[in-house]
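Down below is the structure, laid out as structure tokens.
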Amino acid sequence: MLAKRGTLLVMTGVFILTAGFSFQNYFFIILGLFVIFSSVISLPLFDLNINVENLRVRRSLDKNKVFQDDFIHIVVEIKNVGRKRFDFVDIVDNFPEDYFSCVIGEPYISTRIDPKQTVRFSYILKPMIRGEFFLGPIEINVKDRLEFNNEARELPDTYTQLIIYPPYSDLRKLDALRGRSLGKMFGVHRSVQVGTGTDFHAIREYQFGDEFRKINWKATARLGKFMVKEYSQEKNMNVLLVLDASSTMGAGALLNTKLEYSIRAIIVLTKLALDHRDLVGAAIFQNNPKRPDDPQKGVTLLDTKRGNQVLFNVLDFIATTRSMGPKSLSIWMDALIKRLRKRHLIILLSDLESTIEDLRIMFTKARTRGHELIVISPFSPWFEVFGKEFSAAERAIAEAISEEMMQHILEAQSVARSYGISIVSVGPDDIIARAIQEYLKAKHKGKAQI
Amino acid sequence: MRRVFLRILQIISAVLFMALLVGVVKALSPNAWNILSLFYILGAIKNILSYGLYALISGSSVAAGQIFRFRSEYRYLFESSLEPLIFQYLNMIFHMTDNQGRLVTYNSIQQVWDGYGFGPDRIPGIGELIGGQLFTIFGQFYSLLFILSIISAVFNFLLFIGRLDIKYSLYMALSLIGPFFIALIPWLFIEMGDLLVPSIIGTTYIIGELSGGSIPNAMVDPAAWSNFKIQFETYVPRVYIVDQSFLLTDIPADFTFFTNGGVVFAFMLYLLLELTFQTSYIGRVTQPSIERTKRLEGQIALLGEYSSVIEREQEETIRAKGVKSLFVSEGAREKEEKQRKSLIKEFFTGTGLTAIKEMLEQREREKERERLEEISSDTRRLNSYMKRLFEIDKDAKRTLTAAGSMPSQKNLVSSTIINMGLRVILLFVLVFFVANPILLYTAFGVEPIIQASVGFQNPEAVVTTVVPLILLFPFLAFLIRQIKRYRLTQIMLKRERESELLQKISELQEIEEMETYKEEQTEIPVSTS
């Protein structure tokens, strides 16, 4: 097809030609003919020579899974497998601009590709939000050398999946703080079972019933009374981090939702629990409207495990979560408990925007099988009010809603207390710190030990 | 080195442009290049202002005098001597001339509006004088258009050289042929008027009346038209195309076609256009790669520079305040915690949204500091990522700058010369045949009697060959595209069928495997028992 430039040239030619007819002047006629023909003469040749199928385009990434604050190097390779050259090709590699920013390089190129030639260009992207994204499509616009004719096409199957994990900065801070303020607590808060195991714990005075083989003769000689060696064993917990991913968790500014902060808290808790040699698992509570007959009743579970790979398993498991669907906390908890075979420390991150009765059933279900439940509850107004300017009426409404929510949380806390469950109401500033505190507290108390 | 060819093409274009420029200047009569027109225009504007001012002062003075006269006891004195006094005074101040250079003076307000005298000695009124000056401006502006057109051509050519945008070369070409248009168009309209105005007399009066005067009289009234023509010819200088080869009304059907000045000029102008198109192409193909390389290298260098500055600053801070400065001090942390707790307490004890607002304001204050910290952290991390990337992937710098995407000089030169040569030859032949339709008629066996008809002797006869030929190219392109699309669809269908077949085979294999498995399962108890 004639491109904009070609059309412009034809129009100019027609104008000159018409002037030639008006003036009865062959100079203008000949010039007009030159101009018109120069723009259309290459049309058939262009269509004959150009086979976009001969351009093989490939996108490669240095990694398909990346942390939110990391960078990705994307290389696009275009190879002309045909025998004809492409005089001018514009190649644009599209990416979701709302979620990524191109920090170095350019995601497009304008060039000429000779037969059998390969052209490569690359750029570096920085993800701005966690989730599952697709890079692409790649668009190609082939033009003739004078840009009179062009053929634009979107290449099929040029999408690449990319999973963006939550920011690593929280984990980095955790690492940085280890050995400083938090480090002091690490040692103190190890849950140990004294009397069994092989780790030396202390020397104490002999008591009736102690095995003779445990007597420490050196200490006995030194102190003049029977002393025995005491051994201890560190006990581990099954920590299950549960995320409520219902629609209410996604309210607020894009990077400031309760869900985003809850996910960040879960990642930090995973790392912390793994460092404490606990078994860590995760679960997502979500009713997908597209799957009304879900046999799992909206509960997706990642079994508790130990090891270096667990952090990445949790990251994979949780990174692509988006908030959706209604909330049914009691049903979810029931379904979850039925699938757990051992005692767990369940840390639930939910805004608890459900009825008190529903919460009561949930607490009952959680406690009946001896699980320990800690609820970290992001308090909605702290998240949703952020960055918003209110009119007087809106302010009054927001205040009324906040008061109502506050009453709801206070009531939920009072109900939970009767089950021995703690609900911690948190804001964006302290959600991670409070989650760490609650975990360490539970660890210290030796809750839900295996 | 890679841009040498581009420079050569630019130089050739510049030489060709200069030759064409000389050709245009020589083709028109010398009065086309009258730079004094600008001063005539300025003089006419000055005259209009003078006439206006004269009329305004005289009019307002006389009007004021008249008003004063009615209220005065000395009205007889004013009546007899006020007006002559005003004009005597004004004639002393103003030195006005008409179009013929005669000194213009008035003695009464009546003379100012209507003029005075008869025949060739008549002094026109101010209105007529202003009209005359407007005509002068129009005529001189018309004269100036030739120079402006040439200036525009030069300006657009320079713009093209700088920006390599084909748009400017098109403007340049139009500006180069502009003087021919300007020389011919007014007289074409005059000729059209001569043809049309007398023929529509009678109805034109009615049209004029019906339109309530919105159609100018000159367009409908033969007398007014001839008056307008006289005025037009008086004030608008006629510029002639002196080179007769530009006024071709018959096209030579033999080889003299190739030597005719007008044809050669048109061909050279097209050649210049083609050269600029090719130059633009080379620029478009090579420039992005060069600019990208420059930009990227600059970015990487800047990144390294900023990153080292940030690291240095951080080291200095550590040295000055100790490692603790990197983290919030325990005291500050405790203070913050206390503040937060008190806010939460306030909230839960009924202060409501105010507590949230306070907390958010506090966050806002910290936001700027956090943002700056984030930027510096991002810069450092990006720099270390780049370093790592360049270590791991040796080709990364090359792909980022797309240095390998620049076409080879050799290929570029050969393809440009071949492409341009073929296009020029083909176009020249095509234009020759289209401009001489008789040759094509003979070739296609059109009856001689039809060939000899008056219609086919006119330049418009070109349309009979140009329209089908111009449409032929897109049609051919359309045909080729359809054939290619059909082939592509066939290939896709074949692939689809193949994949369906493969899927069926794999399904059958699965069923077979399942059946085998079931058979084995049923056989096991038998064999074990």
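The values are calculated or read from the model by the stated rules, or taken from the named source; none is laboratory data. If you're wondering where the values come from, they're calculated on a predicted model, not measured in any experiment. Note that each Cβ is placed from the backbone with ideal geometry, even for glycine, and that neighbours are counted across all protein chains shown. For accessibility, only protein heavy atoms count, side chains too; no ligands or nucleic acids. Shrake-Rupley method; radii C 1.70, N 1.55, O 1.52, S 1.80 Å.
Some notes on this structure:
- Between B:Leu471 and A:Glu211, the simple spin-label model (points 7 angstrom out along Cα→Cβ) gives 10.6 nm.
- Taking the C-alpha atoms of the protein assembly as shown, convex hull volume expressed per residue in Å³: 395 Å³
- Taking other residues whose beta carbon is less than 13 angstrom from the beta carbon of A:Asp93, and scoring Lys, Arg as +1 and Asp, Glu as -1, yields -3.
- Set of aspartates and glutamates with alpha-carbon distance to B:Lys294 below 16 Å, sequence-local pairs under 8 removed: A:Glu106
- For the stretch A:397-450, the list of trypsin sites (Lys or Arg not before Pro) that fall in a loop by DSSP and count at most 13 other C-beta atoms within 10 angstrom is empty.
- Above-threshold pairs, the threshold being 23 Å between Cα atoms, out of A:Lys290/A:Lys365; A:Lys143/B:Lys394; A:Lys173/A:Lys258; A:Lys342/A:Lys365; A:Lys229/A:Lys342: A:Lys290/A:Lys365; A:Lys143/B:Lys394; A:Lys229/A:Lys342
- Here A:Lys305 is the anchor, and the aspartates and glutamates within straight C-alpha reach of less than 20 Å, apart from those fewer than 8 places off in the same chain, are A:Glu234, A:Asp275, A:Asp278, A:Asp316, A:Glu372.
- Surface exposure of the protein assembly as shown, expressed per residue as accessible area with a 1.4 Å probe, stands at 52 Å².
- Approximate spin-label separation B:Leu134-A:Glu132, in nm, with each point projected 7 Å along Cα-to-Cβ: 7.5 nm
- Taking a Cβ cut-off of under 12 Å around A:Met227, the surrounding Lys, Arg, Asp and Glu residues balance to a net charge of +3, with basic ones at +1 and acidic ones at -1.
- Neighbourhood charge, 9 Å Cβ-Cβ cut-off, centred on A:Arg306 and excluding it, Lys, Arg +1 and Asp, Glu -1: +1
- Mean separation of Cα contacts under 8 Å (6+ apart) over length of chain A, as relative contact order %: 12 percent
- Compared with the dominant Cα axis of chain A, that is its longest principal axis, helix A:356-368 is turned about 60°.
- Label-to-label distance, nm, for residues given as A:Thr220 and B:Ser81 (7 Å Cα→Cβ offset): 15.3 nm
- Taking Cα centre as origin and charging only the Cβ of basic (Lys, Arg, +1) and acidic (Asp, Glu, -1) residues, the dipole magnitude of chain A rounds to 2420 debye.
- Helix-derived mean residue ellipticity, 222 nm - over the protein assembly as shown, DSSP H n ≥ 4, -39500 (n - 2.57), to 500: -20000 deg cm²/dmol
- Association of chains B and A removes close to 8800 square angstrom of accessible area from solvent, both sides included, for a probe radius of 1.4 Å.
- If R0 is taken as 35 Å, the Cβ-Cβ distance between A:Asp175 and B:Glu513 corresponds to a FRET efficiency of 0.10.
- Between the exposed loop cleavage positions of chain A, defined as GluC sites (Glu not before Pro) in a non-H, G, I, E, B DSSP state with at most 13 neighbouring beta-carbon atoms within 10 angstrom, the longest gap is A:212-388.
- Taking 12 Å as the cut-off, the amide N atoms of the stretch A:240-267 that come nearer than this to a point 7 Å along the Cα-to-beta-carbon line of A:Asp98 belong to A:254-255.
- Top of A:Ala412, A:Ala253, A:Ala265 by mean-square fluctuation, Gaussian network on chain A, Cα under 10 Å: A:Ala253
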